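Participant: Please read through the structure below; I'll follow up with questions.
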């Protein structure tokens, strides 16, 4: 049997002369082939289903993988990073019917991400001094897709002045940056061409401030407030609170049993986190696997916001656009529902309703012809 398909590169076009690896059957199979000039690859020696004693047995289960980078002539190689694309493949003999769903093999096209953003910043030592004492930043996957992820060897250099980047990261991928002291700083690309500033290190400190509202949307005066469930404070008569000297990374502000979420990204900066803010708006575009607005299947979009109580919102996207209004602040995620498929899960924070949030989605896979009853 064979597992074959076309590899599409980061430009959205077929990618020729690129290696594709298939690994599976509990380590019993591992082979690498190169795509031809049209991007086509094929593994032609995969185990088929065999009819033995009244049933089909055998088959194949594994992963097809591609190493890749997003080349950028304006960046040195050590600021790009190396990534892996991985998709499950299967020749499933359960309920197998000869001649149906690819008796002799299956089709699995591979799509590398086409929409990217950048992250850059400065490493700060304790006391707030820029430094490259840790010298290297590692990159790892964090609550993101298991389709694109950094290689275990991916790292980037911190320059002598403490700066790093810009590092290119695929749209929608939740990654984290680490260094020898093991502090974690999450990175999530919200929209195409986003340029995110993410300062890191034990010396990063900023301000978290915002306004507390009640369930009716009115300012909650003199409310008790907690930062990360540990540091207590009180909002003013105007509902405004402030915490200073807050370390970098994800932060939660709680008041009256409701939560607000934000991220301290910049040393010395101010992060606005409202609790139960109202009137938030999310706008953006759904892109297909090759980076084009997705207008084919008229998918449903489902957005969830959690601020101590979860609320779901549903909208249709006939032209590939995303538009949700009248949301409350909180921690959110959004998914694209295509017939028989859920794709494009994104995590984000609605920390303030002062301006609309730009949030794009790129699909990661389409349902395709499978082998047997596999996927």
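Participant: Using the Kirkwood formula on the Cα atoms of the stretch 12-61, what hydrodynamic radius do you get, in angstrom to one decimal?
Facilitator: Result for the stretch 12-61, one decimal place: 12.8 Å.
Participant: Taking 7 Å along the Cα-to-C-beta vector as the label spot, tell me the residue 135-residue 230 distance in nanometres, rounded to one decimal.
Facilitator: Using points 7 Å along Cα→Cβ, the separation is 3.1 nm.
Participant: If you don't mind, another one. Can you tell me the order of 302-309, 116-123 when each peptide is scored by its average per-residue count of other Cβ atoms within 10 angstrom, highest first?
Facilitator: On the way: 302-309: 17.6, 116-123: 22.0.
By packing density, highest mean first, the sequence is 116-123, 302-309.
Participant: Taking the Cα-to-Cβ direction at residue 326 and at residue 300 and moving 7 Å from each Cα, how far apart do the two end points lie in nm?
Facilitator: 2.0 nm
Participant: Could the peptides 257-264, 225-232 be put in order, highest first, of the mean number of other beta-carbon atoms found within 10 Å of their residues?
Facilitator: 257-264, 225-232
Participant: Modelling each spin label as a point 7 Å along the Cα-to-Cβ direction, I'd like the residue 44/residue 215 distance in nm, to one decimal.
Facilitator: 6.7 nm
Participant: So how do 347-353, 30-36 stack up, highest first, on mean other-Cβ count within 10 Å?
Facilitator: For the peptides 347-353, 30-36, the packing ranking is 347-353, 30-36.
Participant: Can you tell me the FRET efficiency between residue 25 and residue 337 if r is taken as the Cβ-Cβ distance and R0 is 35 Å, rounded to the nearest 0.05? Numbers along the way, then the final one.
Facilitator: Values: r = 33 Å, r/R0 = 0.94.
The formula returns an efficiency of 0.60 here.
Participant: Indicate the gyration tensor shape class of the stretch 195-293 (rounded, prolate or oblate), computed on the Cα atoms with a ≥ b ≥ c the square roots of the eigenvalues: a/c under 1.5 is rounded; otherwise a/b larger than b/c is prolate and the rest oblate.
Facilitator: Oblate, because a/c is 1.5 or more while a/b does not exceed b/c.
Participant: While we're looking at this one, here's another question. Which whole number in µm²/s is D for the stretch 1-40 by Stokes-Einstein, with the Kirkwood Rh taken over Cα pairs at 4 °C and 1.567 mPa s?
Facilitator: Roughly 118 µm²/s, to the nearest whole number.
Participant: Once you sort the root eigenvalues of the Cα gyration tensor of the stretch 270-339 as a ≥ b ≥ c, which label holds: rounded (a/c under 1.5), prolate (a/b larger than b/c) or oblate (the other case)? Please report the intermediate quantities before stating the final value.
Facilitator: Details: a/c = 2.61, a/b = 2.00, b/c = 1.31.
Verdict is prolate for the stretch 270-339.
Each value in this text was obtained by applying a stated rule to the coordinates, not by laboratory testing. Bear in mind that the values here come from a model prediction, so they are computed numbers and not experimental data. Glycine also receives a Cβ, built like all others from the backbone with ideal geometry; neighbour counts cover every protein chain displayed.
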